[in-house]
1. For the stretch A:210-284 and the stretch A:21-53, compute the distance between their C-alpha centroids and round to whole Å.
2. Over the stretch A:2-99, what relative contact order in percent results from Cα pairs under 8 Å that are six or more residues apart?
3. When DSSP beta bridges are limited to those with both residues in the protein assembly as shown, what percentage is antiparallel, rounded to the nearest 5?
4. Applying a 10 Å radius around every beta-carbon, put A:132-142, A:191-201, A:102-112 in order of their mean neighbour count, most first.
5. Of all the Cα-Cα pairs you can form in the stretch A:136-223, what percent are over 23 Å apart?
6. Quick check: pseudo-label points 7 Å beyond the Cα along Cα→Cβ at residue A:374 and residue A:130, how many nm apart are they?
7. Please state, to two decimals, what the Cα-based radius of gyration of the stretch A:117-326 comes to when divided by 2.2 N^0.38 Å (N = residues).
8. So for each of A:322-332, A:3-13 I average, over its residues, the number of other beta carbons within 10 Å; can you give me the resulting order with the highest mean first?
């Protein structure tokens with residue numbers, strides 16, 4: 001039996017991945033070709049989607065831009081035997097665009113079944129949380145601080161300092177809120193992670209929650225991301241049924257549970273205090289600061305608010321140590337950064353690499369220039385609120 | 001669905017009253033397809049807030065609609081990344097064919113609306129048709145798919 005991997009990432013679906021999967025399954029069944037189809041997230045090479053991968057003893061080989069209409073028994077038989085076809089890219093992990101990257105936060109995205117906790121553990125999942133549960137909250141917060149992890153929402157506030165504020169606050173109830181209101185055009189890394197490796201975010205939030213003494217977490221996802229909402233919700237159910245969430249996280253005696261809350265089409269709710277209002281069910285009106293949410297946050301209780309990429313970095317830090325994370329990056333920017341290439345670009349997708357890459361490398365080498373074929377005139381960096389560089 | 005039972009809605013919302021007004025309105029729209037005027041009172045009752053507060057939440061968030069939706073709703077992304085590769089032209093072409101993304105006018109059971117970023121920016125221009133994602137779209141591909149879905 002051969003395993004075939006077909007993405008269920010919503011961007012891959014937008015160019016027909018579901019049709020490819022159902023056609024592939026039907027033809028294989030009718031022709032007694034023995035396969036199992038596993039749906040995964042996307043590798044983030046969107047110009048190659050739908051990208052179908054076939055397991056071989058050397059690794060997974062890829063077939064790009066698979067069109068459900070061009071699939072027939074002989075094509076599928078060849079693909080299952082990993083034969084060289086016109087749309088082959090060989091071993092996907094060796095494909096230069098991927099091989100040049102340093103996938104840390106996205107290490108599992110596009111590889112595992114997003115809602116299989118077994119798959120997640122097999123690929124190094126839950127090690128960070130297990131380590132964290134053996135430590136005191138204060139030493140977990142210390143490790144996060146030491147790692148140099150900074151908020152990935154834009155402001156770059158040190159995550160450890162934020163967590164310490166909530167840890168030291170005295171309250172009967174504390175919360176962790178994940179800001180997954182990824183509203184700026186051109187950004188989709190949060191969505192990809194939630195659709196492709198939701199357990200990483202769950203694990204990161206469980207690390208944060210058990211460290212600072214918060215028993216409840218919310219993931220606020222914009223309604224424009226229906227697939228992320230569905231996958232995240234399902235992953236939370238799976239995590240709960242495996243004891244990763246609940247009254248005693250991994251039998252540690254520490255309680256932590258999660259809930260998804262959907263936005264409703266308001267851009268301003270990406271601002272953290274407006275998001276808190278929205279989670280409480282109100283209009284997304286911005287609250288004056290101070291008080292800061294770390295002291296007076298959701299329902300007036302001390303609350304850690306981080307974005308998806310920040311919380312998703314915590315499992316790696318707790319698994320491999322602050323020093324390993326520190327070792328990646330550049331000056332005050334530690335760790336890796338996930339760059340999203342979009343718009344009029346030939347090779348759009350995500351590039352995760354340690355800080356320090358140049359814009360030229362991103363746009364020309366990874367991006368391959370413009371999709372329209374004309375010279376690059378202007379690059380907008382940092383989303384709609386960023387700068388135009390010409 | 002044009003008629004609904006207030007009691008039935010109350011029964012659906014009641015167990016989730018702690019989640020607040022926004023959640024109740026989202027659930028209402030999920031169940032009925034829109035938020036009828038009389039549902040405001042049901043939500044107000046369940047959440048123990050005034051009708052005015054419910055109305056405030058309803059009108060703050062652009063997802064809510066107060067009349068039944070079209071059979072097929074095309075939501076075209078008009079954010080920056082999609083604009084860079086032609087979503088304005090898509091919107092203009094839809095407009096030329098009688099679909100105004102601002103008013104969301106329903107024609108032949110199809111309505112077009114604008115949306116701001118679906119996170120499908122590497123395959124711009126992007127759209128959702130009845131919740132299903134589509135990438136690298138044109139006005140014609142959207143209308144063809146919508147027509148297929150109607151059938």
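1. So the two Cα centres are separated by 31 Å.
2. On the way: 162 pairs, mean separation 29.9, N = 98.
With pairs under 8 Å counted, the relative contact order is 30 percent.
3. Antiparallel bridges: around 50 percent, rounded to the nearest 5.
4. Highest-to-lowest ranking by the protection proxy: A:191-201, A:102-112, A:132-142.
5. 25
6. 5.6
7. 0.93
8. On the way: A:322-332: 15.0, A:3-13: 25.0.
Result, highest mean first: A:3-13, A:322-332.
Every number in this text was worked out from the coordinates using simple rules, so none of it is lab data. Computed from a predicted model, the values in this text were never measured in an experiment. No Cβ is skipped: glycine too gets one built from the backbone with ideal geometry, and neighbour counts run over all protein chains shown.
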